[in-house]
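Reviewing the structure listed below.
Rule-based calculations on the coordinates, nothing more; no lab input. Please read these numbers as outputs of a predicted model, since none were measured by experiment. Please note: Cβ atoms are built from the backbone with ideal geometry, for glycine as well, and neighbour counts cover all protein chains shown.
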Ligand code: SF4
Ligand code: SF4
């Protein structure tokens, strides 16, 4: 069923509607300027939203106490990734007690769906997802994060060591 609205004499003129719309806009402008604390929007990038410590943001490859990668290149994260965005190239380690390590570990962030399956699949706590969430880039290639970005980016302060408790994880800012 369709409803046919009868036109009245005022609706033939656009001006009342435009003035009414401008009035609503002006009212909200004054309200936002006079009570900024109640505004629902943030002035990004000066103001940033703070997510909780359990938020699954940018990936981090953790490191051992000597600063080397914790990852053993077992491929479980890449196998579990539903977006097929993890690429790992494994190599033999000089130390016979270490079976393998990754000479290349890349995550294509543009394909990642931030599901956290890689973090859950890892048997040695070598990959975590933290509250950092901004991913700037100038082209497609700059969204492919390699080992230096994942493990040693400046915000990680030389790498996050796998001491395995949440307190240190939060303190490390990841
Ligand atoms: S968060 Fe999900 S989609 Fe992203 S790399 Fe990990 S498993 Fe793949
Ligand atoms: S990050 Fe974990 S699951 Fe992925 S290859 Fe390394 S050790 Fe295996």
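This ranking places 118, 85 by how few other beta-carbon atoms lie within 10 Å of each, fewest first, which gives 85, 118.
State the extension gain, in nm to one decimal, for the chain segment bounded by residue 143 and residue 46, taking 0.36 nm per residue of separation less the distance between their alpha-carbons. Between residue 143 and residue 46, full extension yields an extra 32.6 nm. Stretching the chain fully between residue 79 and residue 94 yields a gain of 2.8 nm (0.36 nm per residue, less the alpha carbon separation). Once the Cα-Cα distance is subtracted from the 0.36 nm per residue extended length, the residue 120 to residue 12 segment shows a gain of 32.6 nm.
Among 41, 87, the order by Cβ neighbours within 10 angstrom, fewest to most, reads 41, 87. Only helices enter this figure: runs of n ≥ 4 DSSP H residues, each worth -39500 (n - 2.57), summed and divided by the residues of the chain, yield -6500 deg cm²/dmol at 222 nm to the nearest 500. Output the 0 to 90 degree angle, nearest 10, between the alpha-carbon long axis of helix 15-34 and the longest principal axis computed from the alpha carbons of the chain. With both axes taken from Cα atoms, the answer is about 50 degrees.
Approximating the spin labels as points 7 Å out from Cα along Cα→Cβ, the residue 2-to-residue 36 distance works out to 5.0 nm. Shown here is the pair-distance distribution of the range 59-171: with all Cα-Cα distances grouped in 10 Å bins from zero up to the longest one, the shares run 14, 48, 33, 5, 0 percent.
DSSP beta bridges in the chain, what fraction antiparallel, as a percent rounded to 5? Within the chain, antiparallel bridges account for around 95 percent of the total. Each of residue 155 and residue 133 was given a label point 7 Å from its Cα along the Cα-to-Cβ line. The distance between the two points is 1.2 nm.
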